[in-house]
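Q: Can you keep this structure in mind? I'll have questions shortly.
What follows draws every value from the coordinates through simple rules; no lab data is involved. As the structure is a prediction and not an experimental result, all values here were calculated from the model. Counting neighbours? That spans all protein chains shown, and the Cβs are built from the backbone with ideal geometry, glycine included.
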Amino acid sequence: MFRNKKVYIFIGVLISFLVFFFCLVGLEILLRTWPTMLLGNNFTNEIRSKYHGGDDGIYWYDSALRIKRMKPHYETTMYFNEYEWHHTTNADGFRIADDRTDADIVLLGDSLIYGHGLDDDESIGYLLDAQSQLTSANLALQGNGSFDNFVIFNAFTFNYHPKYIFYFFFGNDLTDFRGHQDVDVTLRELNDFVATPLDEFDFSNLQPSPYVEHTDESRPLAIEVAVRFFVHRALEFLGVEAPLDGYTDFEDELLWEYTEKVLQYMKYKADAIDAEFVLVPATTFYQYTNVNDEQYERLHTIADDYDISFIDSRSIGRDSKNFLHQHYDGHYSEDGAQVIVDLLLQFIADHPDGV
C-alpha cells in the first residue's frame, strides 16, 4: 500500500514535470515564431535584439578607445522591429566583406550606413563594391556620433589608404554623443579639443585594445521573457525608472563646436594623404534621424568655411510614400541604400581623381 502511494507520487511528479517541460518548449517555439503578437513590439525588441554586449550580442567595449565596437569575425542573425538580417564582421569588427587592408572608399556613420535591417549584400558598403570597380570599408556603427566617428577615423581609417572618405551626419548625432564618459572629464576634453590648433593634435598612440572573448550564460527565451517581465513589473510597482547609465547633458552649442572641429580635423588629415573628405548630411523620412533645415544650413556653412566637399542628400528625406525607408522603423530600405550608393558613385564620377 505504502509502496503504491510512493509510485503514484512519483508518477504525479513526473507528469507535472513533463507538462511543465512541454509547456516551456511550446512557449519557446511560440516566442520565436510569433514574438510580436505575444509580447508587443518594444518588449520583443528588448528580448531579441542583439545590440548588446552579452554572449549572443554583437558588441564589446574597447577600453583603450573608450567606445563600443562590434565583435570581430562574428556572424549572427539580427532582429529589430520585425526585421531580421544577416550580420557579418571582419577582423576589425566592421561590416566589411573580407579582411582587406586597402579600400578606395571609407564610410563613417551610424546604423543607417551600417545597414540596420538589411542583409550584408544589401548594405551600402557591399553595394558599392558590387556596382563599381572600387572597394569600400564600411566603418559605421549603430549609435555613432561625432565622438565615436572621430575615434574610429583616427584608429582605423588610414589603415585602408582610402581615396574618398564619406562622413554621414544624421540629425541625432549630437544627442548620441551624450553619455560616453564622466561629465567633468568630457566637458574638459571637449573644451580642450575645440581650443587646440590642428597641427598640435597627436593621435599616433591611439591603438585599439585586442579583443578578448567572454562568455555569458545564456537562458532560453521563455525564461528570459519571464525574468524581464517580472523585473519590469517590479520597477513599475516601485515607481522606479530604469537609469540611463553614464547619461550626461551638454549644451548643443558646445557639441556643435566640437563637431565643427572634428570635421575641420578630418579634412586636414585627409588632405595630408591626398584623400577627398566629403560631408554628407544624410536626411531621412524619420524625424529622429533627419537633418533638419537649421542643421543642414549649419553643416553647409562649415563645409564652405573649410573647403569640405558636400553632398546634398535631401531628396531621400522627401520619401512621401516611404519606399526608401523600412516601415515602422525609419532606417534605409534596400532602395534607400541604393539611392545613397547612387549619390556616392555620382560624386566619385564627378571627382575621379579624388582631391
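Q: Pull up all non-local amide H partners of Ile165: gap of 5 or more, or a different chain, and H-to-H distance under 5 Å with H placed in the peptide plane.
A: Here the answer is Val106, Glu276, Phe277, Val278, since their amide H atoms fall under 5 Å of that of Ile165.
Q: Compare the peptides 271-282, 296-307 by average per-residue count of other Cβ atoms within 10 angstrom and give them in order, highest first. Mind dumping the intermediate values first?
A: On the way: 271-282: 20.1, 296-307: 15.0.
Answer by packing, highest mean first, reads 271-282, 296-307.
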